[in-house]
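The values are calculated or read from the model by the stated rules, or taken from the named source; none is laboratory data. The structure displayed is predicted, hence computed values, not measured ones. Because the Cβ atoms are built from the backbone with ideal geometry, glycine has one as well, and the counts that use them run over all protein chains shown. Surface accessibility is based on the protein's heavy atoms, side chains included, excluding ligands, DNA and RNA. Shrake-Rupley method; radii C 1.70, N 1.55, O 1.52, S 1.80 Å.
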Amino acid sequence: MPAYVIAHLQEAAPHPEIAEYIERIPTTFEPYGGRFLVHAAQHEVKEGSWPGHVVVIGFPGIAEARAWWDSPAYQEIAPLRSCHIEGEIILVEGVPEGYDPTATAKAMREALPAE
């Protein structure tokens, strides 16, 4: 099942360390099968507020996403970003092929108190 690293990053002033981070990050993905799915793209807010940028990185599975995040190669460059850009980053497992959301709705309905 695929997994994703999703980052909501705030605007930051240009900095040489951020440029270095962007140059170096793709090679940290390679051993784990990761790749950018969303990066440096404009987004359109439909509800609420979403200042800043969104980044999505895809991995074959959650184990690979975790291994990438914890890898010495990524941890070496992470401060190049984190010292200059604030934000939130999550790792999340995707849904399997053929996922049926009605099963989730059914479970939710069954958990509701009886009327």
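Using a/c under 1.5 as the rounded threshold, could you call the stretch 58-103 rounded, prolate or oblate? The axes a ≥ b ≥ c are square roots of the C-alpha gyration tensor eigenvalues, and prolate needs a/b larger than b/c, oblate otherwise. Because a/c hits 1.5 or more and a/b fails to exceed b/c, the stretch 58-103 counts as oblate. Toward the positive end of the charge dipole of the chain, with +1 on the Cβ of Lys and Arg and -1 on the Cβ of Asp and Glu, the farthest Cα among 28, 96, 82 is that of 96.
Stretching residue 83 away from residue 102 to a fully extended chain increases their span by 2.6 nm, per 0.36 nm per residue minus the current alpha-carbon distance. Taking P(r) over Cα pairs in 5 Å bins from 0, in percent as calculated from this structure, the corresponding entry among (i) 2, 10, 16, 20, 16, 13, 9, 6, 4, 2, 1, 0, 0; (ii) 2, 11, 21, 26, 20, 12, 6, 2, 0; (iii) 2, 13, 25, 28, 21, 8, 2, 0 is (i). Using only the Cα atoms of the stretch 2-63, build the gyration tensor, take square roots of its eigenvalues as a ≥ b ≥ c, and label the shape rounded, prolate or oblate: rounded if a/c is under 1.5, else prolate if a/b is larger than b/c, else oblate. Note, shape of the stretch 2-63 comes out oblate.
With all protein chains kept in place, the per residue accessible area of the chain amounts to 69 square angstrom at a probe of 1.4 angstrom. Each Cα pair under 8 Å and six or more residues apart adds its separation to the average, and for the chain the resulting relative contact order is 44 percent. Could you tell me how many degrees, from 0 to 90 and to the nearest 10, lie between the Cα long axis of helix 101-111 and the main elongation axis, the longest principal axis, of the Cα atoms of the chain? In the chain, helix 101-111 runs at an angle near 60 degrees to the longest axis.
Note on the chain: helix-only mean residue ellipticity at 222 nm, from DSSP H runs of 4+ residues weighted -39500 (n - 2.57) and normalised by residue number, equals -12000 deg cm²/dmol. Counting only alpha carbon atoms, the long axis of helix 16-29 and the longest principal axis of the chain meet at about 60°.
Within the accessible area of the stretch 36-115, the carbon and sulfur atoms contribute 57%, probe 1.4 Å, all protein chains present.
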